[in-house]
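Q: My questions will all concern the structure given below.
Derivation of every value follows stated rules applied to the coordinates shown; laboratory data play no part. Just so you know, these numbers come straight off a predicted model, no measurement behind them. Please note: Cβ atoms are built from the backbone with ideal geometry, for glycine as well, and neighbour counts cover all protein chains shown.
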Amino acid sequence: MKLKKGVPLIDQHDQFGFWGEKFGGSFIPETLKKPVEDLTEEFKKLRKNKKFIKKRDYYFKNYIGAPTSFVKLENLSSHLGGAQIWAKVVSEANGGAHKIYNATVHALLCKAMGKKYIVGDTGAGYAGKMLSMAAKKFGLKCKIFMGAKDIKRQKPNCDAIKKNGAEIVPVYSGSQTLVDAVSECMRYWVSNCDNTHMCVGSTVGPNIFVKICGWSTAQISRELKVQLKSEFKKIPKKIKLINCVGGGSSAYGFWSEFIDFNKKQIELIGVEAGGPEKSKLHAAPLSQNAKIGILHGAASYVCQDNEGQINKTESISAGLDYPGVSPIHCFLKDTKRARYTYATDEEALNAHIMVTKFENLNPSLEPSHAFAEAIKIAPELSKETIIIVNSCGDAKKDRDILKERLGKN
């Protein structure tokens, strides 16, 4: 199992769609075989089509607002001592999070295939909000599947979804969170694939959806590579790229251009949701030694009980509250190219407090997990070391949770 240099990681799979022979694939019902094959062929053509790429880049710049800022967190760095801490402020993107890249590309694909309806899943509400925005922008009818528990705790994003004219379909089965929303969304697509396109909100699911999402969010690292060279005149010798990991879309996008670098120069660190300190439940399959399982059409490390059933998860962050993870991150773990750890709910909250105290940033609870790791390791590192955190979401959506937990407006 080896990484291939010079080949995008999204393309380093075998003929059956597996990365490293174990992760990924397309475990789908017979009824979905043709629509998945059609989408695979369409994407294969469009990603090499100069007109399509030009259109993508136009909307990335003029609709999403690329490039997003790359800033040094001077006050936080000074307070902690040790390494320099920087942030790639992806939350500046239109809508407040990285999910807009994937949503925009899926909307463009939907139009290119002549379909008028688009459906998607959401946990934190960002994927749903962004898809509703993109659907409105490109004149598409949109349904968003969302767990009933998440609808209650992510009201600001739900309000935005409705304002954009999309329908929210509440999911009351199972844990009523992201895992169940994805399942229901896929069931709906099986019955409506002739006139409807499905957008999977992260780098999870059957092989083609992993590829489309990864291709879309790779914009983040393309920008960062240019910004690093502009700031330092070259790529620095000691960099740590820290990203939260739920499904894994923002982390792949943040790391994509740097995977070929030697890990002694650029270390990739993924931070999962460790859940509440006093709970045995978490959403950290990579760092808590989960076994390989099949979830939502792909093989990956999955939180499971003793009988191999999908385990319940728990996290203050709806966007990380998912029992599986992208097959790409499983591959990166097993090849030892990336290191994965976790932060608890309490550590994420404390990181949010510290970052907002010292900097003009308002990270959502998802990237607050990544900031928790940065805060933990920075004092132990030299000033020559550059830590970069992907601040991939804004905390406006978390206002009710933060008010409840911290007693603040």
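Q: What trypsin sites (Lys or Arg not before Pro) does segment 343-399 have in DSSP loop regions with at most 11 other beta carbons within 10 Å?
A: Hits after loop and neighbour filter: Lys383.
Q: Same structure again: Once the convex hull of the C-alpha atoms of the chain is built, how many Å³ does it hold per residue, rounded to a whole number?
A: On the way: hull volume 53.4 nm³, N = 409.
Per residue, the Cα convex hull of the chain comes to 131 Å³.
Q: Among residues other than Glu346 whose Cβ falls under 12 Å from its Cβ, what is the net charge (Lys/Arg +1, Asp/Glu -1)? Mind dumping the intermediate values first?
A: Working: positive: Lys278, Arg405; negative: Glu277, Asp345, Glu347.
In short, -1.
Q: Which of the three applies to segment 202-284, rounded, prolate or oblate, going by the alpha-carbon gyration tensor with a ≥ b ≥ c and a/c under 1.5 meaning rounded? Walk me through the numbers before you get to the answer.
A: On the way: a/c = 2.74, a/b = 1.43, b/c = 1.92.
Oblate.
Q: Could you let me know the centre-to-centre spacing of segment 382-397 and segment 1-66, using Cα atoms, in angstrom?
A: Between the Cα centre of segment 382-397 and that of segment 1-66, the gap is 27 Å.
Q: Restricting attention to segment 296-363, which GluC sites (Glu not before Pro) occupy a DSSP loop and are surrounded by at most 10 other Cβ atoms within 10 Å?
A: Working: sites: Glu307, Glu314, Glu346, Glu347, Glu359; in loops: Glu307, Glu314, Glu359.
Here the GluC sites (Glu not before Pro) that fit, given the DSSP loop and packing criteria, are Glu307.
Q: Once you sort the root eigenvalues of the Cα gyration tensor of segment 6-88 as a ≥ b ≥ c, which label holds: rounded (a/c under 1.5), prolate (a/b larger than b/c) or oblate (the other case)? All intermediate terms of the calculation are to be shown ahead of the outcome.
A: Values: a/c = 3.18, a/b = 1.71, b/c = 1.85.
Taking the square roots of the gyration eigenvalues as a ≥ b ≥ c, segment 6-88 is oblate.
Q: May I have the extent of the alpha carbons of segment 94-224 along their three principal axes, as whole Å values ordered from largest to smallest?
A: 37, 35, 28
Q: For segment 88-137 and segment 229-256, compute the distance between their C-alpha centroids and round to whole Å.
A: Value for the Cα centre distance between the two parts: 22 Å.
Q: Next up: Using a ≥ b ≥ c from the Cα gyration tensor of segment 144-202 (square roots of the eigenvalues), is it rounded, prolate or oblate, where a/c under 1.5 gives rounded and otherwise the larger of a/b and b/c decides, a/b for prolate? Display every interim value, and only then the final one.
A: Numbers: a/c = 2.29, a/b = 1.27, b/c = 1.80.
Oblate is the answer for segment 144-202, as a/c is 1.5 or above yet b/c matches or exceeds a/b.
Q: If you don't mind, another one. For segment 151-270, just run the numbers: alpha carbon Rg, then divide by 2.2 N^0.38 Å, N being how many residues it has. Spell out each step's value before the answer.
A: Working: Rg = 18.3 Å, N = 120, 2.2 N^0.38 = 13.6 Å.
Scaled against compact globular proteins, the figure is 1.35.
Q: Could you tally the net charge around Gly246, taking each other residue with its Cβ under 9 Å from the Cβ of Gly246, Lys/Arg +1 and Asp/Glu -1?
A: On the way: positive: none; negative: Glu272, Asp321, Glu366.
Residues near Gly246 contribute -3 overall.
Q: Are there any trypsin sites (Lys or Arg not before Pro) in segment 279-315 that are in a DSSP loop and have at most 12 other Cβ atoms within 10 Å? List them by number.
A: Working: sites: Lys280, Lys291, Lys312; in loops: Lys280, Lys312.
Taking segment 279-315 and a limit of 12 other Cβ atoms within 10 Å, the loop trypsin sites (Lys or Arg not before Pro) found are Lys280.
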